[in-house]
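For reference, the structure is listed below as C-alpha cells.
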Amino acid sequence: MALERRAARPVRFDDPARNAAYWARIDAIVDAAPPLTIEQKATLRGIFAPVVAALARGEAA
C-alpha cells in the first residue's frame, strides 16, 4: 500500500480476521489497477460535485 491516505473502513464482518482479510483483498485490487486518466477524473468530479456541494452546505446527502 502506498503512503496515500485511505478512507476509514467500515466493519464488513464481525470476525476481525475475516474483516482484515477482506480489506486486504480490496487494497490489492485497488493497488493493481492502472491510474485514472484525466478524462476519468473529470467525469468522477462531475458525478460527485452535487454531493460534495450538499455536504459543504451541511445538507444530508
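Of note:
- In this structure the chain gives 88 Å² per residue of accessible area when probed at 1.4 Å with all protein chains present.
- Rounded tilt (10° steps) of 38-56 against the dominant C-alpha axis of the chain: 80 degrees
- Secondary-structure-derived ellipticity at 222 nm for the chain, considering helices only, amounts to -20000 deg cm²/dmol, per-run term -39500 (n - 2.57) for DSSP H runs with n ≥ 4.
- Multiplying the residue separation of Asp31 and Phe48 by 0.36 nm and subtracting their alpha-carbon distance yields 3.9 nm.
- Inverting the pair-averaged 1/r between distinct Cα atoms of the chain gives 14.4 Å as its Kirkwood hydrodynamic radius.
The values are calculated or read from the model by the stated rules, or taken from the named source; none is laboratory data. Here the structure is a predicted model, which means the values were calculated and not measured. SASA here: full protein model, heavy atoms, side chains in, ligands and nucleic acids out. Shrake-Rupley method; radii C 1.70, N 1.55, O 1.52, S 1.80 Å.
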